[in-house]
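Here's the structure, in structure tokens; my notes come after.
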Amino acid sequence: MKNNTVLVSNNEELCQRVREGRFVKGSSLDVLLSVRNSVHLGSHLLTHPLCGNLRPYQQPFRSVLIREFPGELVDLDSLSMIENAVAVYKSCEGRLLFPEDLETHRRADYAFIDGELMRESLERYGLLSASAVLVPAPLHSLSKGGDSQ
């Protein structure tokens, strides 16, 4: 049986490191809208679309695991969760961070956080082996006289 579990994410590096990743170019809201479309086509949410303790405008990346059941009736629990998540994101749409607007090292930091938030679920559903390495952001040395806080 084919694994119909898919990671939907705007974190391109994470999508490349999993067995089934669907990259969404755009904001975290764009990811949620893509997931909502999949739910309307029969997919079920496997992870909560608002996982992590970060406000929508504090995290430019969003990743959600779904299981695809093409042609099935809409799962009302999944639909309710994704609709609520979309509403939360739309309420702060003007403040959302876009990955492409961030400096390279900041983007890498946020991408790493997103990957770590998803790691356990990716392993549980067989999209990432426990030995897989999610590359952390490069360490940047502070400039001389810079603040080390």
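A few points about this structure:
- Conditions (1) at pLDDT below 90; (2) in contact with a Lys or Arg (Cβ under 8 Å, 6 or more places away or on another chain); number of the one not met by residue 86: (1)
- For the stretch 90-105, filtering for residues that are within 17 Å of residue 14 (Cα to Cα), loosely packed, with under 15 Cβ neighbours inside 10 Å and within 17 Å of the chain's Cα centre (by Cα) leaves 2.
- Scan of the stretch 51-64 for residues that are at pLDDT below 95 and on the phi < 0 side of the Ramachandran plot, ordered by number: 51, 53, 54, 55, 56, 57, 58, 59
- In the stretch 48-75, residue nearest to residue 102 (Cα to Cα) [restricted to those that are crowded, with 20+ Cβ neighbours inside 10 Å and under 10 Å from the mean Cα position of the chain (by Cα)]: 60
The values are calculated or read from the model by the stated rules, or taken from the named source; none is laboratory data. Since the model is a prediction, treat every value here as computed from it, not as a measurement. Because the Cβ atoms are built from the backbone with ideal geometry, glycine has one as well, and the counts that use them run over all protein chains shown.
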